[in-house]
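A quick write-up on the structure given underneath.
The values are calculated or read from the model by the stated rules, or taken from the named source; none is laboratory data. The structure presented is a predicted model; accordingly, all values stated were derived computationally and were not measured. Heads up, the Cβs are rebuilt from the backbone with ideal geometry, glycines too, and the neighbour counts pull from every protein chain shown. To get the accessible areas, we keep the full protein, side chains included, count just its heavy atoms, and leave off ligands, DNA and RNA. Shrake-Rupley method; radii C 1.70, N 1.55, O 1.52, S 1.80 Å.
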Amino acid sequence: MNTKVKTILLSAWLLWAAAGCHEPSRGRPIPKPLPADIAGAWKAQGSSWKIVLNADGTVSSAVVPMGEIEIKPNQTAKVEMKDGSYSAFKAGDCAVQYTPATRELFVSVQIKKIHIVFGDNVIDGSSTDRFVGPVSEDGEVWAADWITVFNYGPRFPQDPNDVFAEPLIFEKVKD
């Protein structure tokens, strides 16, 4: 994705974040109920991303590509590695916003702490993944732009001027 598109996506997200959708006292989005065709499980084509949305407008869980681990908001998921060591993913807040007039769905998945042990190697970091795009009229397909910001430590740096973004197609699946 070229720099101009990345800049536009980042600018759009920043405008959305500043638009007053947050609760002033806590800085968190206020969940709003979702229509039945929006609530449920969404699985990305060609990726391990799977996001399950509750009818009350919150994220129930998400399967993230790094480790293909299921996380739940504000909980820690631990996974045993092949060598018997344990890795952990501490999820933070996850936000959902839906605009009925445009059928645009926005979901943010935050992992506050990633601790992966692989042999003698350790990755400590964090990530925030955002998905935004329209849901089809039949409620079966969500064409989302995936924007991710991560910090996996000095071995895997992310340039602060480089935003990772790519399109993902999600399909509604039975959970």
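Below are the figures for this structure:
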read-out: Probe 1.4 Å, protein heavy atoms only - accessible area per residue of the range 40-175 in square angstrom; value: 53 Å²
read-out: Paramagnetic reach from Ala101 in the range 129-173 [backbone N under 18 Å; point 7 Å along Cα→Cβ]; value: 133-135
read-out: Loop sites in the range 21-122: trypsin sites (Lys or Arg not before Pro), DSSP, at most 16 other Cβ within 10 Å; value: Arg26, Lys82
read-out: Reachable aspartates and glutamates, given that their alpha-carbon falls under 16 Å from the alpha-carbon of Lys32 and they are not under 8 places away in the same chain; value: Glu23, Asp56, Asp93, Glu104
read-out: Under-15-angstrom lysine pairs by C-alpha in the range 46-169, whenever the two are 8 or more apart or on separate chains; value: 9
read-out: Difference of contour (0.36 nm per residue) and Cα-Cα distance, Lys32 to Ser48; value: 3.1 nm
